[in-house]
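Below is one structure, written out as structure tokens, with a few remarks after it.
Read the figures in this text as sums done on the coordinates, not as results from a lab. These figures come from a predicted structure and were not determined experimentally. Reconstructed Cβ throughout: ideal geometry from the backbone, glycine too, with neighbour counts over all protein chains shown.
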């Protein structure tokens, strides 16, 4: 998980499922009853993958677990009661699948976060390896350029991006996205980069020169 320490805004969230400690399967049958007891039959002792994933996606969106009264030290009075039907209810029974869909309170929680998160912007520097080994042996240079241009298309107004090609070429200074002109210029700068005729062994003797990316004045967010 990567997030902006100034605002708490999540920038990137990855999920990993523990297949060592849990068995996962798919329960595509009728929606399970959240009030039903924990199943005990051998063919039900697994966690429905989508049920768990949708719940965890809620955490990726910044929503905490919710519980019912009496659940140890996790329950808060503000949580109310009768929460077992919610996707973000913190207990996941074996074979249950009703958390695959969001209830109204789940949707309201997501909406509240989007309505109240403070405006922010990110600054990124892309560093490209243009050596012969990277471009020819690994065939990764063109793919990395495509990845970079895709990133630029997803930047928001106010975000900033700079591009460096090793050992020390500033392809694009730190540029604040103020409109399509800056976005297009960055995409063109990345797309027109060419590999450097150096191998990794030759690159090992490089003396990397300092690169100073001087930002332009950041535009105010609308």
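Compared with the dominant Cα axis of the chain, that is its longest principal axis, helix 104-116 is turned about 30°.
Compute the FRET efficiency between residue 42 and residue 82 as 1/(1 + (r/R0)^6), taking r as their Cβ-Cβ distance and R0 = 30 Å, and round to the nearest 0.05.
Working: r = 31 Å, r/R0 = 1.03.
Working from the Cβ atoms, E equals 0.45.
If Rh is defined by the Kirkwood formula over all Cα pairs and Rg also comes from Cα, what ratio Rg/Rh do you get for the stretch 123-203? It would help to have the intermediate numbers written out before the result.
On the way: Rg = 13.0 Å, Rh = 12.9 Å.
Looking at the stretch 123-203, the ratio lands at 1.01.
Remark: relative contact order (the chain) = 15 percent; criterion is Cα-Cα distance under 8 angstrom and separation of 6 or more residues. Between residue 157 and residue 136, the modelled label-to-label distance comes to 4.7 nm, taking each label 7 Å out from Cα in the direction of the beta carbon. Compared with the dominant Cα axis of the chain, that is its longest principal axis, helix 180-191 is turned about 70°. Placing pseudo-labels 7 Å out from each Cα toward the beta carbon at residue 113 and residue 91 gives an inter-label distance of 2.4 nm. Put a dot 7 Å past the Cα of residue 122, heading toward its Cβ, do the same for residue 10, and the two dots end up 1.3 nm apart.
For the chain, DSSP calls about 45 percent of its internal beta bridges antiparallel. Counting every other Cβ atom within 10 Å of each residue's Cβ, 132, 194 order from fewest to most as 194, 132.
On a 0 to 90 degree scale, rounded to 10, what angle separates helix 49-60 from the longest Cα axis of the chain? It is inclined by approximately 60 degrees.
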